[in-house]
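Before any comments, here is the structure.
The values are calculated or read from the model by the stated rules, or taken from the named source; none is laboratory data. None of these values were measured; they are calculated from a predicted model. Positions of Cβ are backbone-derived with ideal geometry, glycine not excepted, and every protein chain shown enters the neighbour counts. These area figures cover heavy atoms from the full protein model, side chains too; ligands, DNA and RNA do not enter into them. Shrake-Rupley method; radii C 1.70, N 1.55, O 1.52, S 1.80 Å.
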Amino acid sequence: MNKLNKLLALVSLTALLCLGFFTGQSSAKTVYSLNSVRTSYNAASKVATFSGKVSSKTAINRVTLTYNNGKKTYANVRKGTFKVSKKFQGYQTFMLYGTNKRNKRVTKAYRLSSGKYASQTPVVLKLNHGAKNGNVALSFRAQKNSLVHVYNGSKKVVSVKSNGKTQTVQIKNLKNKTAHLRLNAKLSNRKTSKDIYTPRIKQGVIYQVSF
């Protein structure tokens, strides 16, 4: 093959590659989305509800919701909006996405962790069991406006609304006893947080978290 033929072949190959590139781009599928997704939780029925809008009323016909890769729940899109609910237990991840008339996914799959439907777990900062009368001072920080519950064993000993800053509460009647407390928090329209436990502290000991 002479130089001219080689040059012509190279030009032809380049033209074909460019044609394929631009053709591929023009035929790429449009990606739609779910927008303004909101979450609520009903403690009585243990049901989480996800609602929002779709980017295309014609392309997205319904949404699909799964919890922890389990059974799928479907809800139709109406006037560009959706609402889908599911009863569940635990603190696993939900998956939410939109589909077309053929039940083919046309949006990305949205992963909704427990941070979307559950209250934040309180943070224990200090447990002071040094008082001679046996009273315990517990310092913690929790999500603002959440109701924090403190338990000694199965007995609830304190409930206080969080101001979002460090707070200290007193637990009485632990003289000559080991302090081992359990805390959780509940924000309106959210699931109660996971429990957090303090270490086991005998009278005369002070436990403090360092940051």
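When the stretch 42-91 is filtered for residues that are without any contact (Cβ under 8 Å) to a residue 12 or more places away in the chain, small (G, A, S) and either over 19 Å from N103 (Cβ atoms) or open to solvent by 60 Å² or more (accessible area, probe 1.4 Å) (or both), only A44 remains. Residues in the stretch 155-174 that are open to solvent by 40 Å² or more (accessible area, probe 1.4 Å), in contact with a strand residue (DSSP E or B) (Cβ under 9 Å, 6 or more places away or on another chain) and over 20 Å from G204 (Cα atoms): K156, V157, S159, K161, K165, T166. When restricted to residues that are surrounded by 15 or more Cβ atoms within 10 Å (Cβ to Cβ) and over 30 Å from D195 (Cβ atoms), the stretch 92-105 contains 4. Taking first residues from the stretch 134-155 that are of a type in the set (S, T, N, Q) and partners that are outside any loop (DSSP other than H, G, I, E, B) and open to solvent by 50 Å² or more (accessible area, probe 1.4 Å), the Cβ contacts under 8 Å between residues at least 6 apart in sequence or on separate chains come to N135/Q170; S139/K126; S139/T168; N145/K161; S146/K161; S146/K186.
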